[in-house]
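Some notes on the structure that comes next.
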Amino acid sequence: MSKWDERAERISAAARERDVTVATAESLTGGRISSVLGAAPSSSEWYLGGVVAYADSVKHGLLQVPDGPVVSESSARAMATTVAELLGADLAVAVTGAGGPQPQDGQPPGTVWFGVFTDGRVRTELRHFDGDPGEVVGATTSHALSLLEDALHR
């Protein structure tokens with residue numbers, strides 16, 4: 001069992017115990033966070049689903065990301081809020097970033113913004129991960145799962 005699977009099991013237990021529903025909005029990770037959560041025990045009881053918005057037009061159109069760069073705090077904030085509203089979730093995590101190998105929106109590879117929606121508010125966090133695009137996606141997935149778990153224990 002991977003560390004992601006173990007964390008997803010803990011997220012599942014906490015979400016069911018607290019009767020909390022969860023959603024995701026992903027860009028950089030391309031659905032990996034959703035895949036991990038969907039494979040967790042009893043996920044149909046608490047995981048509502050997610051939006052994988054890889055194209056900027058989808059971020060701006062569906063997830064109400066404001067005009068401007070998508071690798072930004074405002075983008076992560078809008079993605080988390082909008083996916084929670086669209087799916088009716090109590091808790092949502094959003095990720096947007098530059099996976100590499102090229103910079104995006106003037107941000108170096110490995111730059112990732114996270115948004116966590118809970119209790120009607122969003123908190124954001126900026127992280128920088130080293131490695132090739134696959135390693136950045138893996139680190140982003142791990143950190144997003146950690147943020148979800150932390151939010152469930154607040």
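The values are calculated or read from the model by the stated rules, or taken from the named source; none is laboratory data. All figures in this text were calculated on a predicted structure; none of them were measured in a lab. In this analysis, Cβ positions are derived from the backbone assuming ideal geometry, glycine residues included, and neighbour counts consider all displayed protein chains. Please note that ligands, DNA and RNA were not included when accessible areas were found on the heavy atoms of the full protein model with its side chains. Shrake-Rupley method; radii C 1.70, N 1.55, O 1.52, S 1.80 Å.
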Under Karplus coefficients 6.51, -1.76 and 1.60, residue-wise ³J(HN,Hα) of region 54-62 in Hz, glycine/proline x: 7, 7, 4, 4, 6, 4, 5, x, 7
Normalised by the residues of region 12-154, what does the relative contact order come to in percent, with Cα pairs under 8 Å and at least six apart? 24
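Quick check on packing: order 143-153, 126-136, 67-77 by the mean number of other C-beta atoms within 10 Å, highest mean leading.
Ranked by mean Cβ neighbours within 10 Å, highest first: 67-77, 143-153, 126-136.
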Which of these values of semi-axes √(5λ) of the Cα gyration tensor in Å was calculated from the structure shown: [x] 24, 18, 12; [y] 32, 19, 13; [z] 21, 18, 16? [x]
Out of all DSSP beta bridges in the chain, what portion is antiparallel? Express it as a percent rounded to 5. 60
With the Cα gyration tensor of region 64-154 giving a ≥ b ≥ c as the square roots of its eigenvalues, does the rule (a/c under 1.5 for rounded; else a/b larger than b/c for prolate; else oblate) give rounded, prolate or oblate? oblate
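With +1 assigned to the C-beta of every Lys and Arg and -1 to the C-beta of every Asp and Glu, and no other charges, what is the dipole magnitude of region 70-154 about the Cα centre in debye, to the nearest 20?
180
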Enter the accessible area per residue of the chain (Å², integer; probe 1.4 Å; all protein chains in place). 45
Please report, as a whole percent, how much of the solvent-accessible surface of the chain comes from carbon and sulfur atoms (probe radius 1.4 Å). 47
Can you give me the span-like helices of the chain, meaning DSSP H runs with 27 Å or more of Cα extent along the axis and Kyte-Doolittle mean at or above -1.0? 133-152
